[in-house]
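Below: the structure, in structure tokens.
The values are calculated or read from the model by the stated rules, or taken from the named source; none is laboratory data. For clarity, every value in this text was computed on a predicted model and none was experimentally measured. Cβ atoms come from the backbone with ideal geometry, glycine included; neighbour counts cover every protein chain shown.
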Amino acid sequence: MPFRLGMLGMWHTHADGMVRQIAEHPKEFVLVGGYERDPQLAAQRRKQWGPRLGGDLRLFDKPEQLLQERLDGVVVEGRVNENLRLARLALEHGKPVLLEKPAGDNFDEFRRLIDQAQRKHLHVQLIYLFRYMSAVQEMFQRVRKGELGRIYHFRARLPKDLREYARFVEELAPYKGGMFFEMAGHVIDMMIAMLGTPRQVNSFLAHHHRAGPESFIDNGVAVFTYPNAFGIIDVPALEVAPNSRRIEVFGTEGALVIPHLGSGHLANRNIQPLEVYRIGQAGWRTLELEARPLQISDLREFAAVVAGKKPPDFSMDHDLTVQDFLLRASGMRS
């Protein structure tokens, strides 16, 4: 029996990839219907997604109408500053939630959402879609096995294309942290999964483009302090060089580098490289890992946890910590 999903909000750029994976795996998932407050966007999504889903996408005028349907879970893909309200509605109707990142823009509201989920014994899972990329999973496994020894340095660079600058300015206007807030959570998620909770964070957030409003953060660097390590994350919205999304992890017994993380919105090779060095080797070794489609693993993880087949790979407490430090690093929480 396919896992039955509803979608509240259909605005987010990741929503299209989510629907694509649902449509391509009909034996596992079915999209019962969706709600979007903007009628023009809803009509556009129906036209775009209907053919993939077998002819039509059911649209509901109110989120409560969709939540009265027989659903196993709810995907929330609206605007970031509206998503926690939609997620709360789903929980109030007894539905577990697959929540798009970032987890809103107000930490206390997100904490209340997690408290509500825990009281009602419902699962909330954040969609950080890089979690299940082949190179990232390999990185997690090697770090957990202790192959790199004691990690003393994590660095991630997650740039965005300068050609889309005007769109970013418009979409991120409500958020003080700008592009850093939009993107840094992906790699804060990875850093905390490997190194745990930081002691503190110091950020350097700036507007460095000659165009655009000076209030828009288009270049940000944050330094996270650990007892025996630093985590350094930089997110510019000014990138012109290709293949520049990079992760580096250095330890006392080895190191690894993901030379280009890729994205669901960029042209990606079928092979994802991972560069590895272990103490005693003559030099670096490159592994070529088969790339995985994005988002299907998030869906499968969500369905398995909701069905009680496994504990979550990333707990709700983990997601709470990630959001806490994302907002701190973005200058949106003291």
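Among what's in the range 301-327 and is out of contact with any helix residue (DSSP H, G or I) (no Cβ under 9 Å at 6 or more places or on another chain) and part of a helix (DSSP H, G or I), pick the residue that is surrounded by the most Cβ atoms within 10 Å (Cβ to Cβ). Within the range 301-327, the match that is surrounded by the most Cβ atoms within 10 Å (Cβ to Cβ) is 302. Could you tell me which of the residues 233, 217 is within 18 Å of residue 188 (Cβ to Cβ), assigned to a loop (DSSP other than H, G, I, E, B), at pLDDT 95 or above and assigned by TED's automatic domain parsing to the domain that holds residue 161? Of 233, 217, the one residue that is within 18 Å of residue 188 (Cβ to Cβ), assigned to a loop (DSSP other than H, G, I, E, B), at pLDDT 95 or above and assigned by TED's automatic domain parsing to the domain that holds residue 161 is 217.
Table: residues versus (1) among the charged types (D, E, K, R); (2) surrounded by 14 or more Cβ atoms within 10 Å (Cβ to Cβ); (3) assigned to a strand (DSSP E or B).
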site: 27; (1), (2), (3): yes, no, no
site: 33; (1), (2), (3): no, yes, yes
site: 43; (1), (2), (3): no, no, no
site: 47; (1), (2), (3): yes, no, no
site: 71; (1), (2), (3): no, yes, no
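Residues that are under 21 Å from residue 322 (Cβ atoms) and among the aromatic types (Phe, Trp, Tyr) were ranked within the range 201-246; the one that is surrounded by the most Cβ atoms within 10 Å (Cβ to Cβ) is 224. Contact annotation: residue pairs with Cβ atoms under 6 Å, 6 or more positions apart or on different chains, pairing a residue in the range 54-65 that is assigned to a loop (DSSP other than H, G, I, E, B) with a partner that is surrounded by 13 or more Cβ atoms within 10 Å (Cβ to Cβ), are 56/50; 57/46; 57/49; 57/50; 58/33; 60/33; 60/35; 60/66.
Of the residues screened, residue 182 is not one that is within 19 Å of residue 332 (Cβ to Cβ) and free of Cβ contacts under 8 Å to residues at least 24 places away in the same chain. Of all residues in the range 105-123, those that are part of a loop (DSSP other than H, G, I, E, B) and farther than 29 Å from residue 13 by Cα total 2.
Cβ-Cβ contacts under 8 Å between residues 6 or more apart (or on different chains), taken from a first residue in the range 88-111 that is at positive phi to a second residue that is buried (at least 17 other Cβ atoms within 10 Å of the Cβ) and charged (D, E, K, R), are absent. Filtered by the rule that a residue be surrounded by 12 or more Cβ atoms within 10 Å (Cβ to Cβ), out of contact with any strand residue (DSSP E or B) (no Cβ under 7 Å at 6 or more places or on another chain) and either small (Gly, Ala, Ser) or assigned to a helix (DSSP H, G or I) (or both), the range 278-300 gives 296, 297, 300. The residue that is farthest from residue 327 (Cα to Cα), counting only those in the range 157-182 that are of a type in the set (A, V, I, L, M, F, W, C) and crowded, with 24+ Cβ neighbours inside 10 Å, is 158.
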